[in-house]
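*Asks:* The structure that follows is given in the form of structure tokens.
The values are calculated or read from the model by the stated rules, or taken from the named source; none is laboratory data. These numbers come from a predicted model, not from an experiment. With ideal geometry, Cβ positions are generated from the backbone for all residues, glycine too; neighbour counts draw on all protein chains shown. When the accessible area is computed, the model is the full protein with side chains, heavy atoms only, and any ligands, DNA or RNA have been set aside. Shrake-Rupley method; radii C 1.70, N 1.55, O 1.52, S 1.80 Å.
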Amino acid sequence: MILEKELTAWVSRIRERVNLHARLVLWNGQQFDLGQFATPRIVLRVKSMAAVPYLLNPTLDRLGEAYVKGMIDLEGKLSDIVDMAYSIVSHTVPVSKQIARVARFFQHTKKSDKITVRSHYDVSNAFYALWLDPNMVYSCAYFEQGNEDLATAQTKKIDHILAKIKLQPEQTLLDIGCGWGALVMRAASHYGARCVGVTLSKNQYELAIERVKSAGLADRIDIRLEDYRDVTGRYDRITSVGMFEHVGRNNLPAYFRRIHDLLTEDGMALNHGITSTDPDGGAIPFGGGDFINEYVFPDGELPHLGQALLAMQKGGLEAIDVENLRRHYARTLSIWADNLDRHSELVQQEVGDEKFRIWRVYLAGCAYAFEHDDISIYQILCRKAGLHANSLGWSRRYIYEDARYTPEKSRQTAT
């Protein structure tokens, strides 16, 4: 009875402060409208009294947990549902707690990193194939015109990276965190490079090897199940796409030092990674980071761009180009979330209902976070520090216009 009274008071506050186009339906059939509307955009079904405390004291991680555990069900467009969750939390949580972004620091050893990487990426290759593009690129796409489909935008992202590093035929390329091999396969087949790709994910490793062999590129690509800290040799070019989030903020100088040591003297590297927009490198607000750490991405740490650039300099590298792709990742994640929903039955058959709910919340929530500048993503092009200024280009126009670095020209040069 006490909880029901508190819930009634909570509904009144939400209606007054937010006016959501949502209807709350309780386990006993009782209904509450959370705003003024003719037809609700969202129906929030509370399955039992046990879910009520999650609504009365909401954070993104608590609401997410209630959904993942099946205490509540949600009907409606996914983007509207996420907007509703942020509205409820932002108008319920005290301001002092809203702005508290506590930075976390984890111990990142080779053993712990292998465990956390596999917990995230070794869900199931079939699972990822249901909502990624055909080449299974699990990182921010590049929508050059803004109207590309996902597959085209992912290929453009890879070409954008390879153009930035001026990849040439017969150069050696190391891809740290190579995923299922899409970048090294394009670098070898369209640019004539000789590539090494490393990953800690067993599932990615096995499928990447199969794909490389099927494409007839085994003579140009070496896929390894290996920690980047164990890689030896020198490489003309190094790429790291969606990997440095696993490194840990305290380990970033050593990470960039390792890239420095693996580069040839005139080599170039590109780091493509998610960053915090909090100058202190704090977590995503309202408990969003807690949900991700608990259910999806254990031990992930997002540095601020400034911290990443400082660590890069400490590691002996000079940043020569920085590009913000936040809008691109918001769109990428929205497409992934829509794909996941469209294949919901197959996803649930593959990984179960709870895992489906986790990833549904994760992808849609991250799209919202990128849209609203809670997190961001940057491509940082770099080289070894201390080189003469005349070895730098006069502009970045070559990335977009110089035909010497297009895939077509590279292909002609290779033949």
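*Asks:* Can we say G242 is closer than 12 Å to L183 by Cβ and touching a Ser or Thr at 6+ places or on another chain (Cβ under 9 Å)?
*Replies:* Answer is yes for this residue.
*Asks:* Has region 131-150 got at least one residue that is assigned to a helix (DSSP H, G or I), in contact with a strand residue (DSSP E or B) (Cβ under 6 Å, 6 or more places away or on another chain), open to solvent by less than 10 Å² (accessible area, probe 1.4 Å) and at pLDDT 95 or above?
*Replies:* no
*Asks:* Within region 308-327, how many residues are farther than 24 Å from L387 by Cβ and either touching a Leu at 6+ places or on another chain (Cβ under 9 Å) or open to solvent by less than 40 Å² (accessible area, probe 1.4 Å) (or both)?
*Replies:* 2
The rows are residues; the columns are (1) closer than 26 Å to H304 by Cα; (2) surrounded by 17 or more Cβ atoms within 10 Å (Cβ to Cβ); (3) touching a Phe, Trp or Tyr at 6+ places or on another chain (Cβ under 9 Å).
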{"residue": "N203", "(1), (2), (3)": "no, yes, yes"}
{"residue": "Y235", "(1), (2), (3)": "no, yes, no"}
{"residue": "E245", "(1), (2), (3)": "yes, yes, yes"}
{"residue": "A254", "(1), (2), (3)": "yes, no, no"}
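*Asks:* Mind checking whether some residue in region 207-216 is without any contact (Cβ under 8 Å) to a residue 60 or more places away in the chain and outside any helix (DSSP H, G or I)?
*Replies:* yes
*Asks:* Here's something else I'd like to know. Of all residues in region 179-201, how many are open to solvent by 10 Å² or more (accessible area, probe 1.4 Å) and not in a strand (DSSP E or B)?
*Replies:* 8
Here's the yes/no breakdown for (1) out of contact with any strand residue (DSSP E or B) (no Cβ under 7 Å at 6 or more places or on another chain); (2) open to solvent by 70 Å² or more (accessible area, probe 1.4 Å):
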{"residue": "E4", "(1), (2)": "yes, no"}
{"residue": "V18", "(1), (2)": "yes, no"}
{"residue": "L24", "(1), (2)": "no, no"}
{"residue": "L34", "(1), (2)": "no, no"}
{"residue": "T39", "(1), (2)": "yes, yes"}
{"residue": "A51", "(1), (2)": "no, no"}
{"residue": "P58", "(1), (2)": "yes, no"}
{"residue": "L63", "(1), (2)": "yes, no"}
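*Asks:* Quick check on region 343-356. Is at least one of its residues crowded, with 18+ Cβ neighbours inside 10 Å and of a type in the set (A, V, I, L, M, F, W, C)?
*Replies:* Yes, region 343-356 contains a residue that is crowded, with 18+ Cβ neighbours inside 10 Å and of a type in the set (A, V, I, L, M, F, W, C).
*Asks:* Here's something else I'd like to know. Hey, could you check region 65-102 for residues that are assigned to a helix (DSSP H, G or I) and among the β-branched types (V, I, T) and say which is modelled with the lowest pLDDT?
*Replies:* V95
*Asks:* Which of the residues belonging to region 372-391 are within 30 Å of Y86 (Cα to Cα), modelled with pLDDT of 95 or more and open to solvent by 40 Å² or more (accessible area, probe 1.4 Å)?
*Replies:* Y378
*Asks:* Pick from region 62-94 the residues that are touching a residue at least 40 places away in the same chain (Cβ under 8 Å) and of a type in the set (D, E, K, R): which of them is nearest to I14 (Cα to Cα)?
*Replies:* If we take residues in region 62-94 being touching a residue at least 40 places away in the same chain (Cβ under 8 Å) and of a type in the set (D, E, K, R), then D83 is nearest to I14 (Cα to Cα).
The rows are residues; the columns are (1) within 18 Å of G197 (Cβ to Cβ); (2) surrounded by 23 or more Cβ atoms within 10 Å (Cβ to Cβ).
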residue	(1), (2)
N251	no, no
H260	no, no
E265	no, no
A269	yes, yes
S276	no, yes
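*Asks:* Pairs please, first residue from region 380-394 and at positive phi, second anywhere and among the acidic types (D, E), Cβ atoms under 9 Å, 6+ apart in sequence or on different chains.
*Replies:* Note: pairs meeting the criteria are G386/E318.
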